[in-house]
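Structure, as structure tokens:
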Amino acid sequence: METNRLVRQIQSMPERVRAAVKDAIDQNADELVALQKRLAPRKTGRFASSIRKEPGTNELSVRVVGGGKLTTVAANSRISSEEAASGVGAYDYSAALEFGTENMVAKPSFYPGYRSLKKRMKARISRAARKAIVEDQAVSSAASPQSEVSGD
């Protein structure tokens with residue numbers, strides 16, 4: 001239900017505003033990926049290498065994710081690396097790094113990075129939208145015909 005409202009709002013935006021917001025979102029994602037890679041634990045470096053941005057569910061969303069093939073290992077020593085690569089008995093340790101396990105203390109980097117940039121990212125999107133709206137209105141008013149009334 002909420003997604004439909006968001007889609008309608010996106011579709012109702014002027015193209016100039018939508019493009020400006022998309023650029024701001026992409027810049028936010030790039031900045032967040034860079035920060036999260038810097039904050040990631042570095043035992044092997046695979047988790048940091050796995051952090052990336054991916055397309056979101058609509059044109060104005062981007063997902064920043066970590067984990068996947070680079071951080072998937074065999075769940076125990078009885079499972080071959082071939083089985084783990086195919087997903088059988090595999091374990092993606094990226095969640096264990098972020099949240100910990102009963103045998104390992106958490107080494108959070110993903111969400112602390114997001115929380116530290118959240119206000120700046122929201123502000124960047126708001127600024128880009130406001131600026132594009134003002135520019136769009138200026139272009140629209142300059143393009144609309146003006147009529148003069150004379151006192152003759």
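Since every read-out is calculated from the coordinates, none of them should be taken as a lab result. The model shown is predicted, which means the values in this text are computed figures rather than measured ones. All Cβ positions, even for glycine, are placed from backbone atoms using ideal geometry, and neighbour counts span all protein chains on display.
Some points to look at:
- Measuring between their Cα centroids, the stretch 97-116 and the stretch 19-33 lie 24 Å from each other.
- Whole-Hz ³J(HN,Hα) from phi, Karplus 6.51 cos²θ - 1.76 cosθ + 1.60, for the stretch 102-111, glycine and proline x: 5, 10, 9, 6, 5, 10, x, 9, 5, 6
- Using θ = phi - 60° in the Karplus curve 6.51 cos²θ - 1.76 cosθ + 1.60, the 3J(HN,Hα) couplings for the stretch 91-97 round to 9, 8, 7, 4, 5, 5, 4 Hz; x is entered for Gly and Pro.
- Estimated inter-spin distance, N103 and E31, nm [label 7 Å along Cα→Cβ]: 4.0 nm
- Scalar couplings 3J(HN,Hα) for the stretch 42-52, obtained by applying the Karplus form with A = 6.51, B = -1.76, C = 1.60 to θ = phi - 60°, are 10, 4, 10, x, 5, 5, 4, 5, 7, 6, 7 Hz; x denotes Gly and Pro.
- Calculated FRET efficiency, Y111 to R42, Cβ-Cβ distance, R0 = 22 Å: about 0.75 to the nearest 0.05.
- From the Kirkwood radius over Cα pairs of the stretch 13-140, Stokes-Einstein at 4 °C and 1.567 mPa s returns a whole-number translational diffusion coefficient of 77 µm²/s.
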